[in-house]
Amino acid sequence: MKLTHIDITFDLETCSLDPHAAVIQIAALPWVRGSKTLTDLFPDELPTFESKVDLRSCVMDGFDFDRNTIQWWSGQQKELRDNLADGDCYPIDEVFREFCVWIADIKGLTKAETVSLWAQGADFDIAILRHVCNKYDIPLPVSHQDFRDARSFILELVAINNGYASVPADTEKLYECLPPLPQEAVADGQPHNAFYDALRTSWNVNTCLSYIS
């Protein structure tokens, strides 16, 4: 598969809102902007990435655990908490090293000349990714110019289309202003699962790009 450009969205679930936050889960997927169908947007031949982090490694290496965030997690649905707790988990440095290798592999598979790495907020997922890579000397296979803040982009496009007065303060309600992610895109996905959130963000960014193309 040869593309001039490839977009990648990643999402983190964490134990804090700090750039030094302990990470619970990371997921990412590549997508092809301008696509009209799910199969074109998320090509089957391009692999996704998903991994859970062993929180003991975050404790040992001094990552941040915030009491309020932990209490917030305790108030979420049991199904969501069980999903994050079940299955294999790996040391945080190993997970992020493999994530960066995966990004390089996607660039190689698509032969893309350029890449955009999207996440929800320049001060959150992107800041955490940069901190972890700096901490463990993990080379990022993208330039700082390749990072994209999906939250701000979506908010501004919704505001332009609907008027600033109509933009909700709650990010979850912001998505109600956009066409919903088709049900066939996910089996049992729900917000605050990293893969579901990355999938939904990709869908919404592509929708917003269609407004200005």
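The values are calculated or read from the model by the stated rules, or taken from the named source; none is laboratory data. Bear in mind that the values here come from a model prediction, so they are computed numbers and not experimental data. Cβ coordinates were reconstructed from backbone atoms using ideal geometry, including for glycine residues, and neighbour counts include every protein chain displayed. With ligands, DNA and RNA removed, areas are computed over all heavy atoms of the protein, side chains included. Shrake-Rupley method; radii C 1.70, N 1.55, O 1.52, S 1.80 Å.
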Search the structure for amide H atoms under 5 Å from the amide H of GLN25, placed 1.01 Å from N in the peptide plane, and list their residues when 5 or more places away or on another chain. GLU13, VAL53
What whole number of Å gives the distance from the Cα centroid of segment 18-71 to the Cα centroid of segment 109-144? 12 Å
Area accessible to solvent at TYR211, 1.4 Å probe radius, in Å²: 90 Å²
Highest-fluctuation residue, ASP54, ASP86, ASP123 considered, GNM on the chain with Cα pairs under 10 Å: ASP86
Ordering HIS192, HIS20 by the accessible surface of their heavy atoms, 1.4 Å probe, largest first, yields HIS20, HIS192
Please work out how much length the chain gains when fully extended from ILE160 to GLU176, using 0.36 nm per residue of separation minus the C-alpha to C-alpha distance, in nm with one decimal. 4.2 nm
Residue with peak Gaussian network fluctuation, the chain [Cα springs, cutoff 10 Å], from SER57, SER74, SER202: SER74
Accessible area of THR4 in the full protein assembly, 1.4 Å probe (Å², nearest 10): 100 Å²
What accessible area per residue, rounded to a whole number of Å², is obtained for the chain using a probe radius of 1.4 Å? 51 Å²
Can you give me the distance in nm between label points at HIS144 and ILE70, each placed 7 Å from the Cα along the Cα-to-Cβ direction? 3.4 nm
Place +1 on the Cβ of every Lys and Arg and -1 on the Cβ of every Asp and Glu in the chain, take the dipole about the Cα centre, and give the residue among GLY62, HIS144, THR201 whose Cα lies farthest towards its positive end. HIS144
Tell me the accessible surface of GLU156 in square angstrom (1.4 angstrom probe, heavy atoms of protein chains only), to the nearest ten. 70 Å²
In the chain, what percentage of the DSSP-assigned beta bridges are antiparallel, given to the nearest 5? 55 percent
Taking only DSSP H segments of four or more residues, each worth -39500 (n - 2.57), what value at 222 nm results for the chain once the sum is divided by all its residues, to the nearest 500 deg cm²/dmol? -12500 deg cm²/dmol
